[in-house]
1. At a Förster radius of 35 Å, what calculated FRET efficiency corresponds to the Cβ-Cβ distance of R59 and D16, to the nearest 0.05?
2. Work out the charge dipole of the chain with +1 on the Cβ of Lys and Arg and -1 on the Cβ of Asp and Glu about the Cα centre, then indicate which of I27, C39, S49 is farthest towards its positive end.
3. Using the Karplus curve 6.51 cos²θ - 1.76 cosθ + 1.60 with θ = phi - 60°, work out ³J(HN,Hα) for each residue of the stretch 40-47 in order, rounded to whole Hz, and write x for Gly and Pro.
4. Sort 34-45, 50-61, 66-77 by packing, meaning the average of other beta carbons within 10 Å per residue, with the highest value first.
5. At 0.36 nm per residue, minus the direct Cα-Cα distance, what do I27 and L52 gain on full extension? Give it in nm, one decimal, please.
6. Computed over the Cα atoms, what is the radius of gyration of the chain divided by 2.2 N^0.38 Å, N being its residue count?
7. Over the chain, what percent of the accessible surface lies on carbon and sulfur atoms, probe 1.4 Å?
8. Roughly how big is the chain's charge dipole about its Cα centre, with Cβ charges of +1 (Lys, Arg) and -1 (Asp, Glu), in debye to the nearest 20?
Amino acid sequence: AGQEGLHVDRQVEHLDTGDVQPGDIVIGSLPVQMAAEVCERGGRYFHLSLDLPQALRGRELSAEEMRACKARLEEFCIRRCSGEA
């Protein structure tokens, strides 16, 4: 984020969605239920999207590798549907 000029107030390894306040911006690759909780709490969720080849999956990527995989931030508004499947 720093190499791309993004200002980050706080970086955490594991997000506690209970800490999210209205207006907070959360950037990451969250499971869908956690992204929904961010949105339910009034936060905005920006997903780190990558065009990731299988050979690079499951490991930390360098900034250069992320650029090569066309890393981008995409905002998603996620909500839970009522009822059970």
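1. 0.90
2. Comparing the listed Cα positions along the dipole, S49 ranks first.
3. Coupling constants for the stretch 40-47: 4, 8, x, x, 10, 10, 10, 8 Hz.
4. 34-45, 66-77, 50-61
5. 7.2 nm
6. 1.20
7. Ligands and nucleic acids excluded, carbon and sulfur give 49 percent.
8. Its charge dipole is roughly 220 debye.
The values are calculated or read from the model by the stated rules, or taken from the named source; none is laboratory data. All values derive from a computational prediction rather than experimental measurement. Reconstructed Cβ throughout: ideal geometry from the backbone, glycine too, with neighbour counts over all protein chains shown. For the accessible areas, the whole protein counts, side chains as well, though only heavy atoms, and no ligand, DNA or RNA atoms are used. Shrake-Rupley method; radii C 1.70, N 1.55, O 1.52, S 1.80 Å.
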